[in-house]
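Below is one structure, written out as structure tokens, with a few remarks after it.
The values are calculated or read from the model by the stated rules, or taken from the named source; none is laboratory data. The structure presented is a predicted model; accordingly, all values stated were derived computationally and were not measured. Positions of Cβ are generated from backbone atoms using ideal geometry, with glycine treated the same way; all protein chains shown enter the neighbour counts. Remember, those area values only see protein heavy atoms, side chains included, never the ligands or the DNA or RNA. Shrake-Rupley method; radii C 1.70, N 1.55, O 1.52, S 1.80 Å.
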Amino acid sequence: MSERQWWTVAVAVLAQTLVLLDNTVLNIAMETLADPVRGLGADASDLAWAVASFSFVFAAGSFAGGALADRYGPRRVLVAGLATLAAASVPAAFSTDAAELIAARAVMGAGGALITPATLAIVTRGTAPAVRTRAIAVWASSGGVAVALGPVVGGVLISRFWWGAIFLVNVPVVAVCLLGAVLFVPALRYPERRPLDLPGLALSMLGLSLLVYGVIQGGRRPGWTSPATLTPLLAGLAVLTVFVLVQRARAGSSLDVRLFTEPRFAGGSVTLLLLFFGLAGQLFYCAFYLQGVHGLSAPAAGAVMMAAAGGIVLGNQVSPAVTRLLTVRWAAVTGILLASATFGSYVAFDAGTPVAWFVVMLVVQGAAVGLVVAPMTTEMMTVLPPAQTGAGAAVSAATRPVGSTLGVAVLGSVLAAGYRRAIGPTVDGLPRRLRERALDSAEETRALARSLHRPDLLTAADHAYLHAMRVTAVWTALLSLAGAVLVIGFFRPRRSELGAGRGHRATPLAGRADRR
């Protein structure tokens with residue numbers, strides 16, 4: 001790869017890391033934002049939507065971002081997305097109430113929906129085939145690194161500045177990315193310029209919006225069986241079904257749904273979704289475990305979670321060699337089994353578990369994720385005809401925010417239900433208002449215990465949380481294992497692989513696309 005191509009990859013990776021960092025950095029600022037003096041005095045619902053609004057718009061707009069990249073070129077869409085993200089970061093930093101912050105975060109999500117598919121399209125089409133797998137591995141590592149880096153960056157900025165700094169820091173990073181895009185990113189041209197399918201884009205955005213909204217609602221009380229959850233979920237599935245039918249019927253559709261008839265593309269999409277489902281959900285309750293049960297500060301907890309980022313970098317570095325040795329299929333299965341084992345390892349953790357053991361677990365977990373994401377993403381992108389690189393990149397990119405949103409909502413719901421069951425007998429004697437507070441979360445129970453001078457309630461909160469965390473860990477591991485089953489079933493060796501024994505070859509769908 002030429003030096004210019006490496007600079008191209010560097011710009012794409014930095015932009016992608018910034019987007020995913022913005023998706024996680026707010027988690028560490030929750031306590032500050034809830035404070036009426038230091039923050040905005042936001043309530044629990046405000047905080048939930050401040051986090052979710054970014055993922056909500058990001059996931060809903062990913063297909064549109066990919067289609068725009070195919071139509072106008074990924075460099076133009078990247079620049080537009082970066083400008084949108086920077087423009088929204090300033091009002092987010094200086095928000096005077098929760099509503100302003102939620103709105104600004106939604107616009108930031110729209111910028112992310114343009115940036116992510118454009119960066120993957122740039123990495124895929126802007127590098128030589130001989131080094132494309134390694135370039136995608138570097139790009140893919142940004143996802144896991146950003147997930148682990150978010151709490152660290154947020155903790156450091158909040159401890160040194162005011163809470164708005166976690167958004168304002170985006171502006172100079174965007175400036176560097178824009179300069180790099182102008183200097184190094186090529187203006188990629190596709191042989192056929194696909195028409196802009198506005199009805200298809202509208203259907204995809206509406207369907208994904210309803211689906212993600214339903215998932216967010218499901219993570220709250222009264223839960224997954226309430227009309228407030230089921231109605232948007234079912235409506236979203238219905239709209240997405242119509243979207244698929246319309247795309248199949250239209251000649252100039254924004255997304256060729258026949259791509260999903262290719263087992264490796266379909267299986268890879270679901271596998272990545274499940275992987276990020278487990279990773280994001282596990283890191284969600286990991287933060288509460290470190291800060292609540294172990295009593296670490298936010299920056300200290302973030303520093304511990306950085307171990308996962310180091311593991312991901314390690315996994316991405318060794319993934320090409322492991323893939324050559326085992327093939328994509330078995331390298332991915334190995335990574336998923338390792339990740340599932342780390343998700344399940346929480347059943348052995350308690351208040352006395354040394355943090356060093358936790359760091360080791362996170363390193364192994366990161367390495368396992370790194371083994372899967374890069375070769376899986378490369379395999380998915382190989383099936384795409386050149387003119388649909390952006391749309392296919394949007395599918396790959398959407399698996400991350402959708403999987404992460406599902407993971408936090410679903411596993412957060414399991415965690416909350418497990419905690420309520422475990423702490424219930426201890427708080428039954430409290431007045432109803434106080435009991436409802438205690439049932440809400442371990443943090444509320446601890447705050448109540450301190451105000452009532454009840455050290456026994458503090459101990460009970462830790463025990464109840466540990467019980468809930470172990471139950472959730474079992475579900476996380478089981479759902480992650482489903483990804484291994486998918487890989488074994490969908491990534492059967494091709495004839496070329498059976499003949500050559502090793503290596504990567506173009507898929508049948510890619511061949512059909514080239515002949516069209």
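Here are Pro354, Pro299: which of them is more than 28 Å from Gly483 (Cα to Cα), open to solvent by 20 Å² or more (accessible area, probe 1.4 Å) and modelled with pLDDT of 80 or more?
Values: Pro299 fails: modelled with pLDDT of 80 or more.
Just one listed residue meets the conditions, Pro354.
Can you tell me how many residues in the stretch 65-99 are among the small types (Gly, Ala, Ser) and at pLDDT below 90? Walk me through it before giving the result.
Taking the stretch 65-99 as the starting set, the residues that turn out to be among the small types (Gly, Ala, Ser) are 65-67, 69, 73, 80-81, 83, 86-89, 92-93, 95, 98-99.
Retained after the next criterion (residues that are at pLDDT below 90): 65-67, 69, 73, 92-93, 95, 98-99.
Summing the residues that are among the small types (Gly, Ala, Ser) and at pLDDT below 90 in the stretch 65-99 gives 10.
Kindly establish whether Leu486 is under 30 Å from Ala374 (Cβ atoms) and modelled with pLDDT of 80 or more.
Details: under 30 Å from Ala374 (Cβ atoms): yes; modelled with pLDDT of 80 or more: no.
Answer is no for this residue.
Take the residues in the stretch 52-75 that are open to solvent by 30 Å² or more (accessible area, probe 1.4 Å) and in contact (Cβ under 8 Å) with a residue 40 or more places away in the chain, then tell me which one is farthest from Leu20 (Cα to Cα).
From the stretch 52-75, those open to solvent by 30 Å² or more (accessible area, probe 1.4 Å) are 56-57, 63, 68, 71-72, 75; that's our starting set.
From the residues that got through so far, the ones that are in contact (Cβ under 8 Å) with a residue 40 or more places away in the chain too are 56-57, 63, 68, 71, 75.
Details: Phe56: 13, Val57: 13, Phe63: 17, Leu68: 20, Arg71: 24, Arg75: 19 Å.
Among residues in the stretch 52-75 that are open to solvent by 30 Å² or more (accessible area, probe 1.4 Å) and in contact (Cβ under 8 Å) with a residue 40 or more places away in the chain, the one farthest from Leu20 (Cα to Cα) is Arg71.
Taking only pairs six or more apart or across chains, which ones have beta-carbon atoms under 7 Å, a first residue in the stretch 159-170 that is hydroxyl-bearing (Ser, Thr, Tyr), and a second residue that is part of a helix (DSSP H, G or I) and open to solvent by less than 80 Å² (accessible area, probe 1.4 Å)?
Close Cβ pairs (under 7 Å, with a partner that is part of a helix (DSSP H, G or I) and open to solvent by less than 80 Å² (accessible area, probe 1.4 Å)) amount to Ser159/Pro299.
Of the residues that sit in the stretch 421-430 and are in a helix (DSSP H, G or I) and surrounded by 12 or more Cβ atoms within 10 Å (Cβ to Cβ), which one is modelled with the lowest pLDDT? Can you show your working first?
Residues of the stretch 421-430 that are in a helix (DSSP H, G or I), as a first pass: 421-427.
Keeping just the survivors that are surrounded by 12 or more Cβ atoms within 10 Å (Cβ to Cβ) gives 421-424, 426-427.
Details: Arg421: 83, Ala422: 85, Ile423: 82, Gly424: 82, Thr426: 81, Val427: 77.
Of everything passing the filter in the stretch 421-430, Val427 is modelled with the lowest pLDDT.
Among the residues of the stretch 90-97, is any closer than 18 Å to Trp163 by Cα, of a type in the set (D, E, K, R) and either out of contact with any strand residue (DSSP E or B) (no Cβ under 7 Å at 6 or more places or on another chain) or open to solvent by 10 Å² or more (accessible area, probe 1.4 Å) (or both)? Before you say what the answer is, go through the steps one by one.
Step one: of the stretch 90-97, the residues closer than 18 Å to Trp163 by Cα are 90-97.
Now drop any that are not of a type in the set (D, E, K, R), which leaves 97.
Pick out the ones that are also either out of contact with any strand residue (DSSP E or B) (no Cβ under 7 Å at 6 or more places or on another chain) or open to solvent by 10 Å² or more (accessible area, probe 1.4 Å) (or both) and you get 97.
So far as the stretch 90-97 goes, yes, one or more of its residues are closer than 18 Å to Trp163 by Cα, of a type in the set (D, E, K, R) and either out of contact with any strand residue (DSSP E or B) (no Cβ under 7 Å at 6 or more places or on another chain) or open to solvent by 10 Å² or more (accessible area, probe 1.4 Å) (or both).
Does the stretch 115-124 include one or more residues that are part of a helix (DSSP H, G or I), at pLDDT 80 or above and either surrounded by fewer than 24 Cβ atoms within 10 Å (Cβ to Cβ) or among the polar types (S, T, N, Q) (or both)?
yes
Here is a check on your reading of the model: is Leu325 out of contact with any strand residue (DSSP E or B) (no Cβ under 7 Å at 6 or more places or on another chain) and surrounded by fewer than 19 Cβ atoms within 10 Å (Cβ to Cβ)? It would help to see each step written out before you state the result.
On the way: out of contact with any strand residue (DSSP E or B) (no Cβ under 7 Å at 6 or more places or on another chain): yes; surrounded by fewer than 19 Cβ atoms within 10 Å (Cβ to Cβ): yes.
In short, yes.
Across the stretch 398-437, what is the number of residues that are over 30 Å from the mean Cα position of the chain (by Cα) and not charged (D, E, K, R)?
9
Tell me the residue from Arg400, Arg437, Arg433 that is assigned to a helix (DSSP H, G or I), open to solvent by less than 40 Å² (accessible area, probe 1.4 Å), of a type in the set (Lys, Arg) and over 25 Å from Thr353 (Cα atoms), please. Quick ask: steps written out before the conclusion?
Details: Arg437 fails: open to solvent by less than 40 Å² (accessible area, probe 1.4 Å); Arg433 fails: open to solvent by less than 40 Å² (accessible area, probe 1.4 Å).
None of the others qualify; the one that does is Arg400.
Take the stretch 358-376 and flag every residue that is surrounded by fewer than 24 Cβ atoms within 10 Å (Cβ to Cβ) and in contact with a Phe, Trp or Tyr (Cβ under 8 Å, 6 or more places away or on another chain).
Phe358
Taking the criterion of being part of a helix (DSSP H, G or I), in contact with a Gly (Cβ under 8 Å, 6 or more places away or on another chain) and over 16 Å from Leu479 (Cα atoms), would at least one residue in the stretch 351-362 satisfy it?
Initially, the stretch 351-362 is screened for residues part of a helix (DSSP H, G or I), giving 355-362.
Restricting the remaining residues to those that are in contact with a Gly (Cβ under 8 Å, 6 or more places away or on another chain) gives 362.
Then drop every residue that is not over 16 Å from Leu479 (Cα atoms), which leaves 362.
Within the stretch 351-362, one or more residues are part of a helix (DSSP H, G or I), in contact with a Gly (Cβ under 8 Å, 6 or more places away or on another chain) and over 16 Å from Leu479 (Cα atoms).
Quick one: in the stretch 310-322, which of the residues that are of a type in the set (A, V, I, L, M, F, W, C) and touching a Ser or Thr at 6+ places or on another chain (Cβ under 9 Å) is surrounded by the most Cβ atoms within 10 Å (Cβ to Cβ)? Walk me through it before giving the result.
Just the residues of the stretch 310-322 that are of a type in the set (A, V, I, L, M, F, W, C), to begin with: 312-314, 318, 321-322.
Still in the list and also touching a Ser or Thr at 6+ places or on another chain (Cβ under 9 Å): 312-313, 322.
Values: Ile312: 31, Val313: 16, Val322: 19.
Of everything passing the filter in the stretch 310-322, Ile312 is surrounded by the most Cβ atoms within 10 Å (Cβ to Cβ).
How many residues are open to solvent by 30 Å² or more (accessible area, probe 1.4 Å) and modelled with pLDDT of 75 or more when one looks only at the stretch 254-273? Quick ask: steps written out before the conclusion?
The first filter runs over the stretch 254-273 and keeps only residues open to solvent by 30 Å² or more (accessible area, probe 1.4 Å), leaving 258, 260-261, 263, 270, 273.
So of that shortlist, the ones also modelled with pLDDT of 75 or more come out as 270, 273.
Qualifying residue count, the stretch 254-273: 2.
Considering only the stretch 178-197, I want to know if a residue exists there that is part of a helix (DSSP H, G or I) and at pLDDT below 80. Step through it out loud before you land on a result.
So in the stretch 178-197, the residues part of a helix (DSSP H, G or I) come out as 178-184.
Then drop every residue that is not at pLDDT below 80, which leaves none.
Within the stretch 178-197, not a single residue is part of a helix (DSSP H, G or I) and at pLDDT below 80.
With respect to Ala80, determine if the residue is in contact (Cβ under 8 Å) with a residue 12 or more places away in the chain, at negative phi and touching a Leu at 6+ places or on another chain (Cβ under 8 Å).
Values: in contact (Cβ under 8 Å) with a residue 12 or more places away in the chain: yes; at negative phi: yes; touching a Leu at 6+ places or on another chain (Cβ under 8 Å): yes.
Yes: the conditions hold for Ala80.
Determine, yes or no, whether Val138 is modelled with pLDDT under 75 and either over 16 Å from the mean Cα position of the chain (by Cα) or open to solvent by 10 Å² or more (accessible area, probe 1.4 Å) (or both). Working first, answer last.
Numbers: modelled with pLDDT under 75: yes; either over 16 Å from the mean Cα position of the chain (by Cα) or open to solvent by 10 Å² or more (accessible area, probe 1.4 Å) (or both): yes.
It is true that Val138 is modelled with pLDDT under 75 and either over 16 Å from the mean Cα position of the chain (by Cα) or open to solvent by 10 Å² or more (accessible area, probe 1.4 Å) (or both).
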